[in-house]
Every structure is written in structure tokens, then in C-alpha cells.
Amino acid sequence: MLNLVVVLKGLAEVVGLMLIAQGGVFLFSFGKHEANAIYRGIRFLNSPVVRIVRVITPNFIVDRHVPAVALFLVVVAW
């Protein structure tokens, strides 16, 4: 049981760091983030988590803010 908790905590850390990296690349690409290969790769890796969060969040949350909500939920789960 303890091993499962350790693995889930590690996954939460990896997902959290990937979401932070996506936000950092977004900030430093100055509006050209969709042309950035690193950003697209990180977005691809984060897409399962972001899709799950989009399903569980209410509709009034804008799609742009879903990665931030995902980061919040990952930090709470961590």
C-alpha cells in the first residue's frame, strides 16, 4: 500500500513540474508558443491530465485556465 502512495506522489510531482514547465515556456515565448516545439511537446505530455480536468470542471471555467486548475488540483493531490 505504501508503494502505491509513493508512486502516486511521484506521478503528481512529475505532472506538476510539467505543468509548471508548460507555463514557463508559455511566458518566455512571447506569444509565439504554438510555433515552439518544446511547448507543443510539453502540451502533448500534459494533455491527458488537462482533458480529465476539463471533464470535471464546470463549463464557466475558460479553456485557457484549465491548465492552471490542473496545476492547482495536482498540488492539492500532492
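At-a-glance table
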read-out	value
Per-peptide average of other Cβ atoms within 10 Å, ordering 41-50, 21-30, 1-10 highest first	41-50, 21-30, 1-10
Span from the the range 1-32 Cα centroid across to the the range 53-70 one, whole angstrom	17 Å
5 angstrom amide H check on Trp78, placed H, neighbours 5+ away	none
Charge dipole of the chain about the Cα centre (unit charges at C-beta), most positive-ward option of Trp78, Ile38, Leu17	Ile38
With eigenvalues of the C-alpha gyration tensor scaled by 5 and rooted, the range 16-75, Å	20, 12, 10
Value at 222 nm in deg cm²/dmol, rounded to 500, when DSSP H runs of n ≥ 4 in the chain each add -39,500 (n - 2.57)	-26000 deg cm²/dmol
Residues of the chain: accessible area per residue with a 1.4 Å probe, Å²	76 Å²
Under the span-like rule (Cα at least 20 Å along the axis, Kyte-Doolittle mean at least 1.6), DSSP H helices of the chain	2-28
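The values are calculated or read from the model by the stated rules, or taken from the named source; none is laboratory data. Since this is a predicted model, take the numbers as computed values, not measurements. Please note: Cβ atoms are built from the backbone with ideal geometry, for glycine as well, and neighbour counts cover all protein chains shown. Please note that ligands, DNA and RNA were not included when accessible areas were found on the heavy atoms of the full protein model with its side chains. Shrake-Rupley method; radii C 1.70, N 1.55, O 1.52, S 1.80 Å.
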